[in-house]
Amino acid sequence: MAVHPVLARVTERVAERSAERRGAYLDRIRAARTRGPARGGMGCGNLAHGFAACGAQDKLWLRGDVTPNIAIVSAYNDMLSAHQPLKDYPDLIKAAVRAAGGTAQFAGGVPAMCDGITQGRAGMELSLFSRDVVAMATAVALSHDMFDGALLLGVCDKIVPGLVIGALAFGHLPVLLVPAGPMPSGLPNAKKASVRKRYAAGEIGRDELLAAEAASYHSPGTCTFYGTANSNQLLMEVMGLHLPGASFVPPGTKLRDALTEAAARRVLELTSLAGDGYTPIGELLDERAFVNGVVALLATGGSTNHTLHLVAMASAAGIDLTWDDFDELSHVTPLLTRLYPNGTADVNHFHAAGGTAFLIGELIDAGLLHEDARTVGGGTLAVYRRAAEYVNGRAEWREHPRVSGDTDVLRPVADPFDVQGGLHTVTGNLGRAVVKVSAVRGEHRVIEAPARVFDSQESLQEAFAAGELDRDVVAVVRFQGPRSNGMPELHRLTPPLSVLQDRGHRVALVTDGRMSGASGAVPAAIHVSPEAAAGGPLARVRDGDVIRLDCDKGVLEILVPDEELAARHPDPAPPGASGTGRELFQVFRAAVGPAERGAGVLG
């Protein structure tokens with residue numbers, strides 16, 4: 001089917017503006033391709049170091065010039081529930097690769113921090129920068145010239161984008177992402193949200209809140225709400241870096257292990273030693289792949305963090321992706337899912353209702369995905385219309401029903417939850433920002449109210465507790481951008497603002513910080529760029545200034561004459577904090593780019 005004209009136009013525009021950088025990138029990675037194993041040009045001492053710890057069979061194969069060697073790069077730790085299942089993957093992968101005629105080595109580990117643990121705490125100020133640390137650690141792991149392909153093990157938040165950015169520096173290698181799958185559904189999301197609001201309102205105590213949270217996050221596997229971690233998984237599949245249907249298969253199941261083994265076999269088939277099957281990640285992730293990723297994000301109301309991460313990943317591949325591209329695609333992409341925090345269902349319900357196979361098929365049929373995009377699954381994106389099943393000890397792919405199993409969770413393009421996608425861009429004299437509207441009701445999408453200005457999320461919480469916000473208000477939380485304090489997520493603001501909205505007040509949030517997938521039903525203009533610490537207009541906002549946010553028309557304005565706003569002296573940024581490792585990241589804060597360019601330090 002022909003692609004939608006807007007999809008075609010956006011993709012062509014991305015390609016045109018990226019032509020010079022993309023061409024230079026492709027020239028570089030093609031020059032890095034070797035004839036024969038990558039280790040073939042190594043000196044004997046170098047190679048001996050490289051296989052000194054291997055078993056006899058692997059040593060024999062690594063001495064030769066026909067066996068591909070696969071790098072395993074893992075973000076395993078057993079503090080992150082999503083990453084705990086990765087513990088046993090290396091041995092499983094090595095055995096599968098060896099049985100298929102190759103070798104595999106654990107090339108390196110990368111850091112993996114949990115935003116759920118650091119939320120609202122000092123450690124969250126390291127979170128966004130950890131993406132670029134993961135990218136650099138991935139590059140270190142792949143730097144030994146020993147590898148003909150790579151398997152990247154990671155799931156959450158900044159970790160998956162970091163792994164991809166690092167791998168793109170070695171874009172001549174074929175790469176697969178290997179997921180771990182979600183934990184079983186716990187406390188229903190509507191109940192969890194209700195408990196959080198009651199705690200914010202002072203109706204219940206800490207013990208009851210902790211019991212609810214522990215019933216939600218209760219076992220190994222990815223947290224089941226549709227935040228950044230699960231948005232990562234869906235995007236990696238739609239962009240062709242997962243095997244078909246791999247994203248949401250639970251850990252500890254036969255199918256999960258079979259999919260991991262299949263990924264191990266598949267990467268061998270994609271190496272340069274496999275001839276015509278050679279599929280390097282730097283060529284696979286082209287303009288079509290990134291536009292497909294944006295569409296999938298919009299169609300599912302995914303995490304706003306990907307307005308940063310997709311831009312940064314694209315840049316690492318020499319591609320210039322902008323918020324304008326997101327916005328234009330959003331106006332033609334229907335919203336096909338209702339997943340918490342945009343609904344009450346979780347990713348297990350999504351998977352059971354048809355999951356990625358149904359979603360991808362619907363979007364392809366509507367011309368809203370580039371079906372001809374390359375993938376690691378063999379052929380084009382069309383193969384991702386099939387679902388994975390466990391058959392006789394292996395993963396097999398079969399045609400999936402073409403109807404949703406639950407239209408309260410997953411709908412066809414002909415009957416969407418909304419005719420437009422879940423993300424909009426807003427612009428005005430306060431700068432540019434992103435708004436996630438997939439959970440915001442129509443009557444809440446336009447607000448004009450006096451501002452109350454805060455320089456930290458803690459001060460907003462204190463004002464709420466003191467009853468100072470019990471009115472129509474636009475809460476401006478500034479100096480939360482990457483240059484100021486690393487751009488932490490501000491999840492703790494959602495419950496108090498939701499309480500105010502539930503009381504009948506007109507409420508909105510405007511911030512240069514992040515909200516991930518958790519902004520929920522309160523309209524929130526986030527990632528405001530330029531940020532306050534970089535001289536952005538937010539530093540000139542005063543209590544009582546009237547701010548207008550129109551999510552539908554794309555407007556973010558302070559209703560103050562331009563001359564008056566320009567004449568105001570900007571408030572100074574709070575001094576940089578130290579402790580919890582924050583002082584080590586001062587060089588990152590000084591070098592980081594703006595949010596709309598991905599908020600990265602790697603160029």
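The values are calculated or read from the model by the stated rules, or taken from the named source; none is laboratory data. Because the structure is a prediction, the values reported are computed rather than measured. No Cβ is skipped: glycine too gets one built from the backbone with ideal geometry, and neighbour counts run over all protein chains shown.
So which residues in segment 443-458 are over 18 Å from LEU490 (Cβ atoms) and touching a helix residue (DSSP H, G or I) at 6+ places or on another chain (Cβ under 9 Å), if there are any at all?
HIS444
I'm checking my understanding of the structure. Among residues of segment 16-52 that are outside any helix (DSSP H, G or I) and more than 36 Å from the chain's Cα centre (by Cα), which one is nearest to ALA274 (Cα to Cα)?
At the first step, the residues of segment 16-52 found to be outside any helix (DSSP H, G or I) are 33-37, 42-43, 52.
Now drop any that are not more than 36 Å from the chain's Cα centre (by Cα), which leaves 42-43, 52.
On the way: MET42: 21, GLY43: 24, ALA52: 26 Å.
Selected residue: MET42.
Does segment 119-134 contain any residue that is assigned by TED's automatic domain parsing to the domain that holds LEU268, under 18 Å from TRP61 (Cβ atoms) and small (Gly, Ala, Ser)?
No, segment 119-134 has no match at all.
Can you find, within segment 443-465, the residue that is nearest to ALA599 (Cα to Cα) among those that are of a type outside the set (D, E, K, R) and not in a helix (DSSP H, G or I)? Walk me through how you get there before you give the answer.
Taking segment 443-465 and keeping what is of a type outside the set (D, E, K, R), we get 444, 446-447, 449-451, 453-454, 456-457, 459-461, 463-465.
Those still in the list that are not in a helix (DSSP H, G or I) too: 446-447, 449-451, 453-454, 456.
Numbers: VAL446: 28, ILE447: 28, ALA449: 30, PRO450: 29, ALA451: 26, VAL453: 24, PHE454: 22, SER456: 20 Å.
The extreme case among them is SER456.
Which pairs turn up if I take residues in segment 222-236 that are farther than 13 Å from ASP346 by Cα and look for partners that are aromatic (Phe, Trp, Tyr) and at pLDDT 95 or above with beta carbon separation below 7 Å, at least 6 apart in sequence or on another chain?
Close Cβ pairs satisfying both conditions: GLN233/PHE248.
Could you say which residue among LEU339, LEU381, LEU335 is of a type in the set (A, V, I, L, M, F, W, C), closer than 16 Å to MET239 by Cβ and in the same structural domain as GLY277 (by TED's automatic domain parsing)?
On the way: LEU339 fails: closer than 16 Å to MET239 by Cβ; LEU335 fails: closer than 16 Å to MET239 by Cβ.
The match here is LEU381.
Hey, could you check segment 474-489 for residues that are in a loop (DSSP other than H, G, I, E, B) and touching a residue at least 60 places away in the same chain (Cβ under 8 Å) and say which is surrounded by the most Cβ atoms within 10 Å (Cβ to Cβ)? Step through it out loud before you land on a result.
Initially, segment 474-489 is screened for residues in a loop (DSSP other than H, G, I, E, B), giving 478-481, 486-488.
Subset that is touching a residue at least 60 places away in the same chain (Cβ under 8 Å): 478-479, 481, 486-488.
Working: ARG478: 27, PHE479: 23, GLY481: 31, GLY486: 25, MET487: 28, PRO488: 27.
Across segment 474-489, the extreme among qualifying residues is GLY481.
Run down VAL332, VAL440, VAL435 and say which single residue is among the hydrophobic types (A, V, I, L, M, F, W, C), assigned to a loop (DSSP other than H, G, I, E, B) and out of contact with any helix residue (DSSP H, G or I) (no Cβ under 7 Å at 6 or more places or on another chain). Let's see the steps before the verdict.
Details: VAL332 fails: out of contact with any helix residue (DSSP H, G or I) (no Cβ under 7 Å at 6 or more places or on another chain); VAL435 fails: assigned to a loop (DSSP other than H, G, I, E, B).
Going through VAL332, VAL440, VAL435 in turn, the sole match is VAL440.
Condition (residue is within 30 Å of ALA201 (Cβ to Cβ), outside the structural domain of ALA317 (by TED's automatic domain parsing) and not acidic (Asp, Glu)) applied to segment 565-578: is it met by at least one residue? Lay out the reasoning, then the answer.
Initially, segment 565-578 is screened for residues within 30 Å of ALA201 (Cβ to Cβ), giving 574, 577.
Applying the additional criterion that residues be outside the structural domain of ALA317 (by TED's automatic domain parsing) yields 574, 577.
Restricting the remaining residues to those that are not acidic (Asp, Glu) gives 574, 577.
Yes.
For segment 535-556, give me each residue that is closer than 19 Å to PHE479 by Cα and either of a type in the set (S, T, N, Q) or modelled with pLDDT of 95 or more (or both). Step through it out loud before you land on a result.
Of the residues in segment 535-556, the ones closer than 19 Å to PHE479 by Cα are 535-545, 547, 556.
Within segment 535-556, GLY536, PRO537, LEU538, ALA539, ARG540, VAL541, ARG542, ASP543, GLY544, ASP545, ILE547, LEU556 qualify.
Would you check if there is a residue in segment 226-236 being modelled with pLDDT under 95, under 24 Å from TYR25 (Cβ atoms) and touching an Asp or Glu at 6+ places or on another chain (Cβ under 7 Å)?
Within segment 226-236 (the criterion being modelled with pLDDT under 95, under 24 Å from TYR25 (Cβ atoms) and touching an Asp or Glu at 6+ places or on another chain (Cβ under 7 Å)), the answer is no, since none of the residues qualifies.
Could you list, in sequence order, all residues of segment 307-329 that are among the acidic types (Asp, Glu), within 27 Å of VAL601 (Cβ to Cβ), part of a helix (DSSP H, G or I) and out of contact with any Gly (no Cβ under 9 Å at 6 or more places or on another chain)?
The initial filter retains those residues of segment 307-329 that are among the acidic types (Asp, Glu), namely 320, 324-325, 327-328.
Within this subset, residues satisfying the condition of being within 27 Å of VAL601 (Cβ to Cβ) are 320, 324-325, 327.
Pick out the ones that are also part of a helix (DSSP H, G or I) and you get 324-325, 327.
Listed by number, the residues that qualify are ASP324, ASP325.
Looking at segment 497-513, which of the residues that are more than 17 Å from VAL528 (Cα to Cα) and either within 25 Å of the chain's Cα centre (by Cα) or surrounded by 24 or more Cβ atoms within 10 Å (Cβ to Cβ) (or both) is modelled with the highest pLDDT? Break it down stepwise before answering.
Within segment 497-513, the subset more than 17 Å from VAL528 (Cα to Cα) is 497-507.
So of that shortlist, the ones also either within 25 Å of the chain's Cα centre (by Cα) or surrounded by 24 or more Cβ atoms within 10 Å (Cβ to Cβ) (or both) come out as 497-498, 507.
Values: LEU497: 93, SER498: 91, VAL507: 96.
So, considering only residues that are more than 17 Å from VAL528 (Cα to Cα) and either within 25 Å of the chain's Cα centre (by Cα) or surrounded by 24 or more Cβ atoms within 10 Å (Cβ to Cβ) (or both), the one modelled with the highest pLDDT is VAL507.
Looking only at segment 557-594, filter to residues that are modelled with pLDDT under 95 and in contact with a Leu (Cβ under 8 Å, 6 or more places away or on another chain); which one of those is surrounded by the fewest Cβ atoms within 10 Å (Cβ to Cβ)?
Once the filter is applied, the top-ranked residue is GLY581.
Name the one entry in ALA382, ALA388 that is touching a residue at least 12 places away in the same chain (Cβ under 8 Å) and either in a helix (DSSP H, G or I) or under 21 Å from CYS551 (Cβ atoms) (or both). Full working, then the answer.
Values: ALA388 fails: either in a helix (DSSP H, G or I) or under 21 Å from CYS551 (Cβ atoms) (or both).
Unique residue meeting the criteria: ALA382.
Within segment 335-367, restricting attention to residues that are in a loop (DSSP other than H, G, I, E, B) and at pLDDT below 95, which residue is surrounded by the fewest Cβ atoms within 10 Å (Cβ to Cβ)?
Checking each candidate, the answer is THR344.
Of all strands (runs of 3 or more DSSP E) completely enclosed by segment 53-168, which ones contain at least 3 residues that are within 26 Å of PRO220 (Cα to Cα) and in contact with a Ser or Thr (Cβ under 6 Å, 6 or more places away or on another chain)?
Working: elements: 69-74, 103-109, 149-153.
Passing ranges: none, list empty.
Here are the criteria: (1) buried (at least 23 other Cβ atoms within 10 Å of the Cβ); (2) assigned to a helix (DSSP H, G or I). Tell me which single one THR304 does not satisfy.
Only one criterion in (1) buried (at least 23 other Cβ atoms within 10 Å of the Cβ); (2) assigned to a helix (DSSP H, G or I) is unmet by THR304, namely (2).
Yes/no matrix, rows are residues, columns are (1) closer than 26 Å to GLY171 by Cα; (2) surrounded by 16 or more Cβ atoms within 10 Å (Cβ to Cβ); (3) not assigned by TED's automatic domain parsing to the domain that holds LEU273; (4) not β-branched (Val, Ile, Thr):
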position: VAL14; (1), (2), (3), (4): yes, yes, no, no
position: ILE29; (1), (2), (3), (4): yes, yes, no, no
position: GLY43; (1), (2), (3), (4): yes, no, no, yes
position: ASN69; (1), (2), (3), (4): yes, yes, no, yes
position: ALA95; (1), (2), (3), (4): yes, no, no, yes
position: GLY116; (1), (2), (3), (4): no, yes, no, yes
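Do we find that ALA414 is of a type in the set (A, V, I, L, M, F, W, C), more than 22 Å from ASN230 (Cα to Cα) and not assigned by TED's automatic domain parsing to the domain that holds VAL249 in this structure? Give the derivation first.
Values: of a type in the set (A, V, I, L, M, F, W, C): yes; more than 22 Å from ASN230 (Cα to Cα): yes; not assigned by TED's automatic domain parsing to the domain that holds VAL249: yes.
It is true that ALA414 is of a type in the set (A, V, I, L, M, F, W, C), more than 22 Å from ASN230 (Cα to Cα) and not assigned by TED's automatic domain parsing to the domain that holds VAL249.
State whether one or more residues within segment 247-270 are surrounded by 24 or more Cβ atoms within 10 Å (Cβ to Cβ), more than 30 Å from THR34 (Cα to Cα), touching a residue at least 60 places away in the same chain (Cβ under 8 Å) and touching an Asp or Glu at 6+ places or on another chain (Cβ under 6 Å).
Yes, the conditions are met somewhere in segment 247-270.
Going by what's in this entry, would ALA475 be described as closer than 25 Å to GLU583 by Cβ, touching a Lys or Arg at 6+ places or on another chain (Cβ under 7 Å) and hydrophobic (A, V, I, L, M, F, W, C)? Even if it seems obvious, please write down each step before you answer.
Working: closer than 25 Å to GLU583 by Cβ: no; touching a Lys or Arg at 6+ places or on another chain (Cβ under 7 Å): yes; hydrophobic (A, V, I, L, M, F, W, C): yes.
Here the answer is no, as ALA475 does not meet what is asked.
Quick test of your reading of the structure: VAL294 fulfils all but one of (1) among the β-branched types (Val, Ile, Thr); (2) touching a residue at least 60 places away in the same chain (Cβ under 8 Å); (3) crowded, with 24+ Cβ neighbours inside 10 Å. Name the failing condition by number.
(2)
Out of segment 412-429, which residues are touching a Leu at 6+ places or on another chain (Cβ under 7 Å), part of a loop (DSSP other than H, G, I, E, B) and either free of Cβ contacts under 8 Å to residues at least 12 places away in the same chain or crowded, with 24+ Cβ neighbours inside 10 Å (or both)?
Passing the criteria: GLY421, GLY422.
Is it true that some residue in segment 99-112 is buried (at least 20 other Cβ atoms within 10 Å of the Cβ) and closer than 30 Å to LEU460 by Cα? It would help to see each step written out before you state the result.
Looking only at segment 99-112, we keep the residues that are buried (at least 20 other Cβ atoms within 10 Å of the Cβ), and these are 102-105, 107, 110, 112.
Right, trim to closer than 30 Å to LEU460 by Cα and you get 112.
Looking through segment 99-112, at least one residue is buried (at least 20 other Cβ atoms within 10 Å of the Cβ) and closer than 30 Å to LEU460 by Cα.
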